[in-house]
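Values in this text are rule-based calculations from the coordinates and carry no lab data. Computed from a predicted model, the values in this text were never measured in an experiment. Positions of Cβ are backbone-derived with ideal geometry, glycine not excepted, and every protein chain shown enters the neighbour counts.
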Amino acid sequence: MLASTHARAPGASSEGEEIRDALVITCEHGGNRIPPAYRVLFRSEQDLVASHRGFDAGALVMARSLARAFSAPLAYATVCRLLVDLNRSVGHRHLHFETVRKAPRAVREHILARYYHPHRDEVERLIMQTVERRGRAIHICSHSFTPELKGRPREADIGLLYDPSRPGEVALCDRWKTALEACAPELVVRRNYPYSGKADGVASWFRARLPADVYVGIELELNQKHVDAANPQWKALRKVVVDSLRTALAGERR
């Protein structure tokens, strides 16, 4: 459980001392696995499970690249978001796909107990451990988005989602966007696109519980048109993301 006090841990930054923050990487939509017990609920939905609605293609690969580059802890899940969306709050209307919503309550409660709560608990453990040990946690949630939605193309290669009322998030995304554009001018990088950074999700859940000076939550969104294991440009894009984040973090510490 989150601590009731949010004071900095002993040894953390005070009176102008540099904040020794550290990254925590998460990926809530890393796969489209439907456990055997629930496959009957998706018998007619295989195309949907394999689509962008089932998982975020490339998001887990990107998350692993970030975790490896920064020696950061990684919490991820590969269960299909249609079974349970780990980036939604309990009670949200899109927490489950409609066939799951129509299932008996006991089934839904078991899904939450088996897949949802363990992931949230692990993310919370990593965030709080980082805050206690390092003074502040920078939480990067790795996601991806479909290039076209409802017939309309998405006009970005990379999106950086944040809460405009949190100065640390604004500043980091400004620096990250600048660094991305310097590394790869051909990329279109947009802030709070294709979604609002304040929408319901894991980062918003932590923002409601931790002050801005100890928690910075950023959602990284990559356009799925770049996700192609056979294309060297996909590896190059991941390197650009890593290198630009390193530059952005270094700029903060100057």
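Which Rg and Dmax, in Å, describe the Cα atoms of the chain?
18.3, 60
Any chance you could give the angle, 0 to 90 degrees and rounded to 10, that helix 117-134 forms with the longest Cα principal axis of the chain?
Here the helix axis deviates by roughly 0 degrees.
Can you give me the Rg/Rh ratio for region 110-209, using Cα atoms for both radii and the Kirkwood formula for Rh?
Rg/Rh for region 110-209 comes to 1.02.
Using R₀ = 25 Å, calculate the FRET efficiency as 1/(1 + (r/R₀)^6) where r is the Cβ-Cβ separation of E155 and D243; round to 0.05.
Here the calculated transfer efficiency is 0.55.
Calculate, in nm to one decimal, what L48 and S165 gain on full extension: separation in residues at 0.36 nm each, minus their alpha carbon distance.
38.6 nm
What size of dipole, in debye to the nearest 20, comes out for region 22-251 about its Cα centre when the only charges are +1 on Lys and Arg C-beta atoms and -1 on Asp and Glu C-beta atoms?
For region 22-251, the charge dipole is close to 420 debye.
Count the lysine pairs in region 22-251 that are 8 or more places apart or on different chains: how many have C-alpha atoms under 20 angstrom apart?
7
Consider just the alpha-carbon atoms of region 22-99 and return their Rg together with their Dmax, both in angstrom.
Just the Cα atoms of region 22-99 yield Rg and Dmax of 13.7, 44 Å.
Report ³J(HN,Hα) in whole Hz for each residue of region 78-83, in order, from the Karplus equation J = 6.51 cos²θ - 1.76 cosθ + 1.60 where θ = phi - 60°; Gly and Pro get x.
Working through the residues one at a time gives 10, 6, 4, 5, 6, 5 Hz.
Roughly speaking, what is the stretch gain from R39 to K102, that is 0.36 nm per residue apart minus the C-alpha to C-alpha distance, in nm to one decimal?
Length gained, R39 through K102: 21.2 nm.
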